[in-house]
1. Would you pick out the residues in the stretch 165-189 that are polar (S, T, N, Q) and at pLDDT below 85?
2. State which residue is modelled with the highest pLDDT when the search covers only the stretch 85-125 and only residues that are part of a strand (DSSP E or B) and among the hydroxyl-bearing types (S, T, Y).
3. For residues that are under 27 Å from K183 (Cα atoms) and outside any loop (DSSP other than H, G, I, E, B), tally how many sit in the stretch 139-164.
4. Out of all the residues in the stretch 143-163, which are surrounded by 20 or more Cβ atoms within 10 Å (Cβ to Cβ) and either in contact with a Lys or Arg (Cβ under 8 Å, 6 or more places away or on another chain) or not aliphatic (A, V, I, L, M) (or both)?
5. Within the stretch 116-127, can you find the residues that are touching a Leu at 6+ places or on another chain (Cβ under 7 Å) and more than 18 Å from N172 (Cβ to Cβ)?
Amino acid sequence: MFKLFILIFNLWAVTVSLPPKGFDFEDKTLHKELLKLRGTDQAEWKEFIVPESLLSTYAIPGKFLVLDELNGQKKYIYVGRVNSCRQGGCSNPAQALSIETPEYFDYLVVFDANLLVQQVKVYNYQATHGQEVTNKGWLKQFQGYDGRRTLTVGKSIDAISGATVSVFGITNDIQEKTQLLKKLVEGKN
């Protein structure tokens with residue numbers, strides 16, 4: 001009887017998608033991705049601290065990391081989370097930031113030493129709808145982005161039917177974090 005209860009509870013939890021307990025920067029999948037970027041089994045990155053004054057009040061906290069490559073070059077990495085919405089449950093992208101919409105996905109952006117987007121990877125997709133944003137071909141359109149131009153879904157970024165909130169969420173976050181990284185790095189020089 002107890003096993004049946006646990007099975008029913010687990011099915012219910014998956015169905016209602018319980019809210020995440022918080023961003024896990026020690027996630028094994030994230031750690032594996034960072035090691036892959038480094039090209040060795042020795043991780044050598046450090047957190048790049050963002051002053052409170054530059055943080056958006058509505059953003060989900062993420063982290064900037066600095067990765068020293070084996071060839072002496074630096075890479076900057078942003079690890080973040082984008083809230084998404086349940087299928088049919090979020091017609092307003094601004095609603096995606098409310099506590100009532102617990103679906104999300106975690107992703108990382110790799111910037112080269114010139115602060116150009118080199119790669120975007122969704123490594124933990126927890127939403128029930130809109131998985132198309134994890135497609136490598138779709139994510140490639142962010143490569144080379146430098147924060148100077150506005151990213152517009154439907155113009156400079158392809159829209160995806162059925163993944164509207166996810167597309168707007170990741171596009172806006174990449175644009176915002178690219179501009180923030182430029183402020184951070186240029187302010188240090």
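The values are calculated or read from the model by the stated rules, or taken from the named source; none is laboratory data. Fair warning: this is a prediction, and the values are worked out from it, not measured in the lab. Backbone-built Cβ (ideal geometry, glycine too); neighbour counts: all protein chains shown.
1. Of the stretch 165-189, the ones polar (S, T, N, Q) are 166, 171-172, 175, 178-179, 189.
Matches in the stretch 165-189: N189 only.
2. Kept after step one, since they are part of a strand (DSSP E or B), are these residues of the stretch 85-125: 104-111, 117-125.
Narrowing the set further to residues that are among the hydroxyl-bearing types (S, T, Y) leaves 104, 107, 123, 125.
Working: Y104: 82, Y107: 93, Y123: 88, Y125: 85.
Out of the qualifying residues, it is Y107.
3. The qualifying residues number 6.
4. Across the stretch 143-163, the qualifying residues are Y145, G147.
5. Within the stretch 116-127, just Y123 meets the criteria.
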